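Colleague: To start, I am sharing the structure in question, which I have written as structure tokens.
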């Protein structure tokens with residue numbers, strides 16, 4: 001009965017106010033319908049109010065918070081923590097009848113209606129604190145019309161019957177926006193005044209209360225004179241409400257604005273790791289069906305995101321990169337991505353010295369040509385399809401490269417330094433990174449299979465139909481390269497990079513768990529590739545040695561030294577290092593891209609600065625870790641050694657091969673051509689097989 005009487009009173013107030021202002025019955029009808037509809041709703045209003053929006057917090061691998069994602073700063077407090085002077089300042093400014101009204105201030109409502117009818121639209125709100133709370137926490141769109149105002153009034157009236165005034169005030173003080181990304185009184189006091197709540201003066205309280213009406217117009221940083229005038233107006237209201245004395249008002253008006261600098265409003269990710277974690281969050285359907293929903297959940301949902309960020313490894317990587325790549329190196333930069341091969345955890349991503357291109361070199365952009373770091377993918381394809389690491393292949397330079405489905409014009413490849421290469425097994429050709437040996441292996445096993453293997457092992461950017469992909473004519477990031485090597489290190493189980501391990505909502509409910517790994521390669525194949533790569537320090541990368549600790553890895557250098565790489569792993573950790581010019585990758589167009597006179601070493605190869613960075617990082621990162629050997633492959637499962645036929649499959653056994661051969665010449669460096677010279681002779685290049693499955697046991 002009491003509720004019905006209140007509703008009748010509410011309808012009467014709205015009707016009388018409208019009639020007094022000359023509003024016709026037709027115009028009033030939609031509002032009456034809204035009130036009638038609200039009267040039929042018997043549920044509670046309080047449970048329908050949205051939870052307070054909060055930024056998302058990122059936690060590191062040890063569970064320690066290290067960064068926030070969001071464009072708001074909110075620190076909820078109880079009403080008891082809010083000083084009385086601030087409460088009174090807000091009430092005097094926003095709703096002088098707060099403790100006596102039932103959610104609606106009749107005089108203010110009629111005054112606002114008069115102004116709005118005269119203006120032909122909604123210009124004045126006349127809203128009580130309770131109505132403002134409904135507006136901010138119940139409705140999702142900013143639409144303002146008569147229908148909306150009536151609904152706000154009805155819901156505010158009902159909420160007053162459900163909640164105490166103190167609860168309504170507490171929710172309001174934690175909800176309202178004060179400007180400069182400050183939501184709620186505690187964040188506002190810290191960001192705009194530079195004080196905790198307990199130390200606010202009358203002048204401080206008046207300044208904050210005055211901001212609620214229009215935080216942009218009264219911004220003390222952009223419009224200090226206007227903000228001062230608004231603050232003093234609030235002080236006059238407080239005096240009129242007898243909240244303060246005349247002497248207190250005089251002192252408060254003479255107080256200058258707080259002398260603090262503008263707060264940092266960029267609350268989105270600042271670190272390379274935070275940026276990468278944010279990108280991963282934006283892909284998760286668990287956070288919303290589209291990008292808008294996911295963005296809202298991330299930046300204002302108060303999520304707790306547990307990442308795999310390792311501050312110690314990041315610190316080591318950052319220091320190593322910036323100690324090796326000195327300022328005297330000019331525009332050249334290095335980036336490193338570090339992963340745990342057992343679960344795909346990305347432990348560190350470091351971009352080296354600041355770059356101007358606006359993305360993280362370790363994880364972003366279109367990637368760079370990976371050069372000979374791709375060769376393990378070609379090896380994995382061969383071993384998966386019945387080849388043996390003891391198979392012999394011709395590495396002599398130049399080598400025609402032809403695969404009809406990807407283009408009929410043959411090209412000729414060359415080894416670094418025009419080394420003759422000669423025949424050798426895959427151990428030797430890998431150790432010395434002989435390009436022509438791998439180009440012939442590519443056409444033998446079948447380029448489509450190699451391209452498919454790259455995706456299986458962890459490349460996310462597509463590998464194109466390039467006849468020289470077997471030696472790295474494809475662009476990828478250090479993170480992608482690290483993913484491929486992580487798959488090899490974990491015996492053929494691919495873990496896609498995990499920045500985010502777990503996500504919880506504000507109630508602690510788990511919304512997301514990172515998926516586990518997927519076997520994409522036979523473990524014997526992975527172990528065989530690792531065995532071949534474990535000899536890299538005997539060839540192009542002696543600088544990568546870790547003492548007694550076993551390692552497997554591969555150098556990579558693109559023609560003209562525009563990109564240099566070293567990627568490698570131990571059983572416990574994987575790291576991929578890239579070095580180059582962050583803006584240019586074509587030395588013919590931009591000669592500065594060629595790293596030919598850098599530091600004490602001069603010409604940069606994968607076995608120089610990248611290998612040095614990798615070695616220094618791994619040495620420090622694993623200094624307290626046990627030395628664990630790789631699991632050796634079962635050689636009895638390997639087929640008998642044979643010659644590799646560049647036009648498809650394996651040929652005669654090596655023992656039956658009597659033709660003239662040469663021992664493979666050691667090649668101390670390698671270089672992957674960015675372009676291959678066309679064949680100029682009239683000799684017809686041998687045709688490659690068109691089968692997509694290489695023969696062999």
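Colleague: How high is the relative contact order of the stretch 147-216, in percent, counting Cα pairs under 8 Å that sit 6 or more residues apart?
Modeller: Relative contact order comes out at 22 percent.
Colleague: Then there is this: Tell me the label-point distance for the pair residue 282, residue 195, using the 7 Å Cα-to-Cβ offset, in nm and rounded to one decimal.
Modeller: 4.1
Colleague: Taking the number of other C-beta atoms within 10 Å as the exposure measure, put 579, 282 in order starting with the fewest.
Modeller: The most exposed by this proxy come first: 282, 579.
Colleague: OK, next. Between the stretch 387-447 and the stretch 263-333, what is the separation of their alpha carbon centroids in Å?
Modeller: First find each Cα centre; the distance between them is then 40 Å.
Colleague: Going by how many other beta carbons lie within 10 Å of each one, how would you line up 509, 333, 50, fewest first?
Modeller: 509, 50, 333
Colleague: With an 8 Å cut-off on Cα pairs and a minimum separation of 6 or more residues, tell me the relative contact order of the stretch 367-495 in percent.
Modeller: For the stretch 367-495, the relative contact order is 33 percent.
Colleague: Run the simple label-point estimate for residue 502 and residue 545 please: 7 Å along Cα→C-beta, distance reported in nm.
Modeller: Distance between label points: 4.4 nm.
Colleague: Here is a further query. Using label points projected 7 Å from each Cα along Cα→Cβ, tell me how many nm separate residue 222 and residue 522, to one decimal.
Modeller: It is 6.7 nm.
Colleague: Hey, another quick one. Fewest Cβ neighbours within 10 Å first, please rank 595, 496 accordingly.
Modeller: Numbers: 595 28, 496 16.
Going from sparsest to densest Cβ surroundings: 496, 595.
Colleague: According to the square roots a ≥ b ≥ c of the eigenvalues of the Cα gyration tensor, what is the shape class of the stretch 40-94, taking rounded for a/c under 1.5, prolate for a/b larger than b/c otherwise, and oblate for the remainder?
Modeller: Here the stretch 40-94 falls in the oblate category.
Colleague: Rg(Cα) of the stretch 207-274 divided by 2.2 N^0.38 Å? Write down the numbers at each step before the final one.
Modeller: On the way: Rg = 16.0 Å, N = 68, 2.2 N^0.38 = 10.9 Å.
Cα Rg divided by the expected 2.2 N^0.38 Å: 1.46.
Colleague: OK, next. Based on the mean of other Cβ atoms within 10 Å per residue, sort peptides 253-259, 85-91 so the most packed one is first.
Modeller: 85-91, 253-259
Colleague: Then there's this: Rounded, prolate or oblate: which one fits the stretch 141-198, using the alpha carbon gyration tensor with axes a ≥ b ≥ c (rounded when a/c is under 1.5, else prolate when a/b beats b/c, else oblate)?
Modeller: Note, shape of the stretch 141-198 comes out oblate.
Colleague: Between residue 167 and residue 233, what FRET efficiency follows from the Cβ-Cβ distance if R0 is 30 Å, with the result rounded to 0.05?
Modeller: 0.55
Colleague: Show me 319-327, 552-560, 472-480 ranked by packing, highest mean number of other Cβ atoms within 10 Å first.
Modeller: 552-560, 472-480, 319-327
Colleague: Given R₀ = 35 Å, FRET efficiency for residue 138-residue 510 by Cβ-Cβ distance, to 0.05?
Modeller: 0.80
Colleague: May I pose another question? If R0 is 25 Å, what FRET efficiency do you get for residue 586 and residue 465 from their C-beta distance, rounded to 0.05?
Modeller: Working: r = 21 Å, r/R0 = 0.83.
So the FRET efficiency works out to roughly 0.75.
Colleague: Next question. So for each of 215-225, 166-176, 92-102 I average, over its residues, the number of other beta carbons within 10 Å; can you give me the resulting order with the highest mean first? Write down the numbers at each step before the final one.
Modeller: Numbers: 215-225: 15.2, 166-176: 20.6, 92-102: 17.9.
In descending order of packing, they fall as 166-176, 92-102, 215-225.
Any read-out appearing in this document is the output of simple, stated calculations on the displayed coordinates, not a laboratory observation. Because the structure is a prediction, the values reported are computed rather than measured. Neighbour counts run over all protein chains shown; Cβ positions are idealised from the backbone, glycine included.
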